[in-house]
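Throughout, read-outs are computed from the coordinates displayed, never taken from laboratory work. The model shown is predicted, which means the values in this text are computed figures rather than measured ones. For neighbour counting, all protein chains shown are included, and Cβ atoms are generated from backbone atoms with ideal geometry for every residue, glycine included.
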Amino acid sequence: MGKAFDITLVGEFLPQLVQYLGVTLQILAVSTVFGIVIGIAAAIPRLFRIPILSQLVVVYVSFIRGTPILIQLFLIFYGVPALFLLFDIDLTRMDPLYFVMITYSLSNGAVFSEIFRGAIQAIDYGQTEAAYSVGMSDSQTFFRIIIPQAIGIAFPNMANCIISSLKDTSLAFTIGVMDMVGRGETLIASTAHALEVYISLSIIYYIVVLVLEKLFRLFEKRVNRYKPDVVSSA
Amino acid sequence: MTIDIPFMWTAFKEIIKALPVTMMLTLIPLFVGFFIGIVVALIRVYKVKGLLAIANGYVSFLRGTPIIMHVMLIYFGFPLLIDAVAAKLGISVQTQLIPISTFVLTALSLSAGAYLSEVIRSGILSIPKGQVEAAYSVGMNTFQTMVRIILPQALAQSIPNFTNIFVGFLHTSSIAFLVSQKELTGAANIVASTNLKFLEAYIAAGIIYWLVTILVEGLSSLVEKRATSYMRGGVR
Amino acid sequence: MIYLQGIKKSFRNQEVLKGINLTIEKGKVVTILGPSGSGKSTLLRCINFLEKPDEGVVQIGDVRVVAEKANKKDIMALRKQSAMVFQHYNLFAHKTVLENVMEGLIVAKKMKKAEARQRSEQVLERVGLSDKLNYFPSQLSGGQQQRVGIARALALNPEVILFDEPTSALDPELVGEVLAVIKDIAKEGITMLIVTHEMQFAREVSDQVLFMDGGVIVEKGSPMEIFTNPREERTRKFLKRISGGLPVHWIQKTAY
C-alpha cells in the first residue's frame, strides 16, 4: 500500500498471474471429479436407506454445509497430518495443494450427494413402473431410465456448484498454495501495488466464470434436449 | 500429536466471544444488501432504461468473482478513492483512521446485494402473470401491484433461498479474518497460534459455525411455514 | 391365457382385493368396470406385480407365480409375459417416440437393434404415428402420447396387454383417437384386460365384462348381459348412476 495507483500495471500483472490459472483449474478439476465419486457414494446410503451409513452421511453433509470452507481447509491442513502421525507417517512436508484438493473434494462431495439424491427422487415413479411393465430389471431401470434423466435434472445445480467452487479456490493461498492468488500475494509483497493485483485477479476470475457459464449452458441444452422449454427454443 | 479435548472446550469458550462480531459481519451486509437487492431486482424486472445495463453488470461481475476479491478491492481501493476526492476538494481526510470493518462491511454488502437481487428477481418472476392482471383488473396501479400483491408472495416463497444466502454469508464472513478482523475465524486463529493447538481451535470454531447454521435453518423452516401458510390449500 | 386364484391385497389394514378368482382365455378382450376404489386398478397391477399380492396365484401363459413365494426372477418372468398401458402414459421422458418403443425390445427381449427398430416402426405406423418417430414425449399431445404407450406395449407382442384407465387423463376431444386404436388392435386377437370408465367403448370392444365393487368381482358376463340385463343389484345401481344422463367423467370425479 501507499504507492500511487497505476492502471498500466494491471496489463503487466495479468500475463504473470494467468500463468498460474492452471493450478486453479487443476484444483477445480480434481475436486469436481472426486466430488462426483464421493457424491455418488454418499447418495447411495440415503437413497437405499442403509442404516448407520445413512446417518453418517447426514452428519457429513450437515457439517460441510454448516461450516465455512476456510475452516474446513484449516481442519484438513492440520487434521490430516495429525491423523497420519498416529501411524508414524509424516505429512508435514506434503505440498499444501493436496490438502486443498482433499478439502474441496469433500466439500463438493457433500453438495453433489444432495444434488444427486434430489434429482433421482424428482423422477416420477410412473417411469419406473413403465420400465418394469416392459420387462426391465431393477438395475436396467436404474441405469437406463432413472440415471439419464437424473443427470439432466442435476446438471444445472452441479454447474452452479462447480462455479462457486472455482471462486472458493481463491482461498487456497491461505495455507500456502501457489495458485493465482498465491502468486498475487508475492507480487504485492514485491511491488506494493495491491489494488492493481486484485483488479487483475478479479478480471481473470470473471472471465473464467463467464466462459464456464457459457460452456455449461451449451452442455445443459444438450442433456436436457427432451424437455419442452429446451425443445421449443432449439 | 493427540487431540487435547479439554483445551477444545477452553478454545470454544474463548472463540465464541467473537460470535457477535461474526453476526454483525453477517447481518449488516444482508440488511443493506436486501435493499440493494430489491432496487436492482426491480430495475431488472421492469427493464429500466439506462439503469438496466448497470444493474446487469453489477450482478454479473459480483456473482462472477470471489467475494474475497470484493473485500480486497474495497479495502485497497476505497482509501485511494477517498484520498483522491479529498485532494480535489482540498480537504484532508485521514483514511488510515477509518476502521477496517467499514471496508469489509461495504464489500460484503455489495456482494450480498448482488446475490439477493437474483433471489428476489426469481421470486418475482415465479408469481403467475394472472395475479398481475387480476390486480390491474381491480384497479391497482403498477406500484401498488408490486408492493401489495407480488412482493409479499415473492419474498415469502424465497425464504429457503434467503436462508441459503444467510448461511452462505455467515460462512463468508470468515474471510474477514484475512484483513485482521477478530470474528470467529480470526479469534480461532489467535487462540490456535498463541497456544500452538491449531486443530483444537479450528474444531471448536467449526462447531460454533455448525451450531449457528443448524439454528438458523431450524428457525427459517419455522418462519417459512408461517409465511407461506396461504399456500397450504386451506388446510391448517 | 390368464389365470388368477385367490388374489388378496391390503393397504394398511384396508383389504382392497378380497380373494379374486379369474380365468381369461387367450385372445379375449375383457373390460373391468366398477366405481372408484373398487380395486380394479389394483387387480390389474397385481397381475404384473407392480403391486405384490399378499396371497394368491397369478399365471400368464405358462409362467405361474405364487405370491407368497415370489422371488425377483419369477416376477421378471411374469412381467415379460405382459405389457401395460398406463393412465398417465408414463413414457420415458428422455427418449424419443421410437426409442420408447424400442427400449423394451432391446433391453428385455434382447432383440437386435435393427430388428427392434423395424418392429417399432411397424407398430408405430399401426397407431398412426409414423411421422413422429423422432419427437420427444413432451412435444406430443396426450392422445399421441397414449398411442405411443399402446405401441410400446404392443411391440413386445405379450400374452396380454393390461390397460389401466387409458383415457382417464385425456381431454375429452382426444379420447376418441385412443379408443379407436385400442379397438383396432382388439380385432387382432391379442388378449386384453381393460380397466375403463368408457361404457360405450366397453360395450363395443369386449368379449366379456367384469363388474367389480368392494374388492370382489360382483358379476361377469357378455356386454349384452351386463349392460342390458344385469343380475346383481349393485351392478344395476352403478350402471343407472352412469347412464343417468351424466357424463362418465363427471361421475369419476365426484366419486372421490
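Amide H contacts for residue C:55 (H built 1.01 Å from N in the peptide plane; partners 5 or more residues away or on another chain; cut-off under 5 Å): C:8. When each of the peptides C:149-161, B:171-183 is scored by the mean number of other C-beta atoms lying within 10 Å of its residues, the order from highest to lowest reads C:149-161, B:171-183.
Helices in chain C, meaning DSSP H runs of at least 4 residues, each add -39500 (n - 2.57). Divided by all residues, the mean residue ellipticity at 222 nm is -11500 deg cm²/dmol.
For chain B, the relative contact order is 31 percent, taking Cα pairs closer than 8 Å that sit 6 or more residues apart in sequence and dividing their mean separation by the residue count. When +1 charges are put on Lys and Arg Cβ atoms and -1 charges on Asp and Glu Cβ atoms, the dipole computed for segment B:21-181 relative to its Cα centre reaches about 360 debye. The residue among A:139, A:161, A:21 whose Cα reaches farthest toward the positive pole of the charge dipole of segment A:21-177, with charges on the beta-carbon of Lys, Arg, Asp and Glu, is A:161. Each of B:69, B:24 was scored by other Cβ atoms within 10 Å of its Cβ. Arranged with the fewest first, they read B:24, B:69. Springs join every pair of Cα atoms under 10 Å in this Gaussian network model of chain C, and among C:228, C:196, C:31 the largest mean-square fluctuation is at C:228. With θ taken as phi - 60° and the Karplus curve 6.51 cos²θ - 1.76 cosθ + 1.60 applied, the whole-hertz 3J(HN,Hα) list for segment B:141-146 is 8, 4, 5, 4, 4, 5 Hz, x standing for glycine and proline. Panel order for A:161, C:46, by other beta carbons found within 10 Å of each beta carbon, from fewest to most: A:161, C:46. Peptide C:90-101 is shielded by partner chain Cβ atoms: per residue, an average of 5 of them sit within 10 Å of its Cβ. For residue A:41 and residue A:4, a Förster radius of 51 Å and the Cβ-Cβ distance give a FRET efficiency of 0.40, rounded to the nearest 0.05. For residue C:212, the residues 5 or more places off, or on other chains, whose built amide H falls under 5 Å of its own are C:33, C:34, C:218. In the structure shown, do any of C:52/C:109; C:73/C:132; C:69/C:183; C:52/C:132; C:26/C:73 have a Cα-Cα gap over 31 Å, and if so which? The answer is C:73/C:132; C:69/C:183; C:52/C:132.
Across segment A:27-37, rounded Karplus estimates of 3J(HN,Hα) from the backbone phi angles (6.51 cos²θ - 1.76 cosθ + 1.60, θ = phi - 60°) give 4, 5, 5, 4, 6, 6, 4, 5, x, 5, 4 Hz, Gly and Pro being marked x.
Name the residue farthest towards the positive end of the dipole of segment B:21-181 from the options B:150, B:174, B:103, assuming +1 on Cβ of Lys and Arg, -1 on Cβ of Asp and Glu, about the Cα centre. Positive-most Cα among the choices belongs to B:150. Counting, for every residue in B:114-123, the Cβ atoms of other protein chains within 10 Å of its Cβ and taking the mean gives 0.
Cβ crowding within 10 Å, taken as a proxy for footprinting-reagent exposure, orders B:118, C:204, C:233 from fewest neighbours to most as C:233, C:204, B:118. Placing dummy labels 7 Å off each Cα toward the beta-carbon, the span from residue C:187 to residue A:85 is 8.6 nm. For chain B, the 222 nm mean residue ellipticity estimated from helices alone, with every DSSP H stretch of n ≥ 4 adding -39500 (n - 2.57) and the total spread over all residues, rounds to -24500 deg cm²/dmol. If you take the beta carbon distance between residue C:25 and residue A:49 as r and set R0 to 51 Å, what does 1/(1 + (r/R0)^6) give as a FRET efficiency, to the nearest 0.05? It comes to 0.70. Look at the stretch B:185-193: the mean tally of other chain Cβ atoms within 10 Å of its residues' Cβ atoms is 1.
Can you work out ³J(HN,Hα) from phi for every residue in segment B:153-165, in order, using Karplus 6.51 cos²θ - 1.76 cosθ + 1.60 and θ = phi - 60°, giving whole Hz and x for Gly and Pro? Once θ is set to phi - 60°, the couplings for segment B:153-165 become 6, 4, 5, 5, 5, 8, 3, x, 5, 4, 4, 4, 5 Hz.
Helical content of chain A, expressed as a calculated mean residue ellipticity at 222 nm, amounts to -25000 deg cm²/dmol (DSSP H runs of 4 or more residues, -39,500 (n - 2.57) each, divided by residue number, nearest 500). Given +1 at the Cβ of Lys and Arg, -1 at the Cβ of Asp and Glu and no other charges, the dipole of chain A around its Cα centre is 560 debye to the nearest 20.
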